[in-house]
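Right, one structure below, let's go through it.
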């Protein structure tokens, strides 16, 4: 069964694009393909100038580790690691050293420097997503991908996380690709791509 059909678009460097559509429209599948987490049955995917369709998993893992930061709806923190250890993880997986100052700066940016030694179970949902935000920016990736980043949060926490995401993204100068069904969140985007039944039905460039 084809989930996506006839998809063809490009995202310029530095653009904030929101991908919208009803449940089952293919939003998360599209994000997974763009991130190299899923493999297309046909077609081409060029990520930051590099063709990734058909690459071996070890090569894809290297590209993801260097080029993409992720923010998921369900946070995806490692439960046995503290907040600061979770933020440091991408840095360590990339084989880099001396990332503590950067990690502390990012936790400060999301207002959690005093919670650095707490484990995920000791943090609220909003705090866990703020740790996930800090982790996503740890290696200064050129691209940030977010899948319903406020979907598990109440409105107050969701608004706070959104403000942090947008301010950090502006500060870091990343390209932001965000999947959401929230029109309020999408209203902040430079561009809105709309999917329905696996095809693009709208591509709106906003002022």
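Per-structure values
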{"item": "Residue 66 in a helix (DSSP H, G or I) and either more than 23 Å from residue 139 (Cα to Cα) or in contact (Cβ under 8 Å) with a residue 60 or more places away in the chain (or both)", "result": "yes"}
{"item": "Number of the condition not met by residue 124 [criteria: (1) at pLDDT 95 or above; (2) farther than 21 Å from residue 21 by Cα; (3) touching a strand residue (DSSP E or B) at 6+ places or on another chain (Cβ under 9 Å)]", "result": "(3)"}
{"item": "Selection status of residue 131, out of contact with any strand residue (DSSP E or B) (no Cβ under 6 Å at 6 or more places or on another chain) and over 24 Å from residue 11 (Cβ atoms)", "result": "yes"}
{"item": "Test result for residue 163, within 21 Å of residue 76 (Cα to Cα), surrounded by fewer than 20 Cβ atoms within 10 Å (Cβ to Cβ) and at pLDDT 90 or above", "result": "yes"}
{"item": "Residue 106 being closer than 20 Å to residue 130 by Cβ and surrounded by 17 or more Cβ atoms within 10 Å (Cβ to Cβ)", "result": "yes"}
{"item": "Cross-chain or 6+ apart pairs with Cβ under 8 Å, segment 1-29 first and at positive phi and at pLDDT 90 or above, then part of a strand (DSSP E or B) and surrounded by 17 or more Cβ atoms within 10 Å (Cβ to Cβ)", "result": "6/200; 14/175; 21/194; 21/195; 26/195"}
{"item": "Conditions (1) free of Cβ contacts under 8 Å to residues at least 40 places away in the same chain; (2) buried (at least 18 other Cβ atoms within 10 Å of the Cβ); (3) not in a helix (DSSP H, G or I): number failed by residue 84", "result": "(3)"}
{"item": "Per-region count, segment 146-163, residues within 26 Å of residue 85 (Cβ to Cβ) and outside any helix (DSSP H, G or I)", "result": "8"}
{"item": "Residue within segment 104-119 that is more than 16 Å from the chain's Cα centre (by Cα), modelled with pLDDT under 90 and farther than 24 Å from residue 11 by Cβ present", "result": "no"}
{"item": "Test for residue 138: is it touching a strand residue (DSSP E or B) at 6+ places or on another chain (Cβ under 7 Å) and either modelled with pLDDT under 95 or surrounded by 19 or more Cβ atoms within 10 Å (Cβ to Cβ) (or both)", "result": "no"}
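Residues checked against (1) outside any loop (DSSP other than H, G, I, E, B); (2) at positive phi; (3) out of contact with any helix residue (DSSP H, G or I) (no Cβ under 7 Å at 6 or more places or on another chain):
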residue: 144; (1), (2), (3): yes, no, no
residue: 165; (1), (2), (3): yes, no, no
residue: 176; (1), (2), (3): yes, no, no
residue: 189; (1), (2), (3): no, no, yes
residue: 193; (1), (2), (3): yes, no, yes
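The values are calculated or read from the model by the stated rules, or taken from the named source; none is laboratory data. What you see is a predicted model, and the numbers here were worked out from it, not measured in a lab. Neighbour counts run over all protein chains shown; Cβ positions are idealised from the backbone, glycine included.
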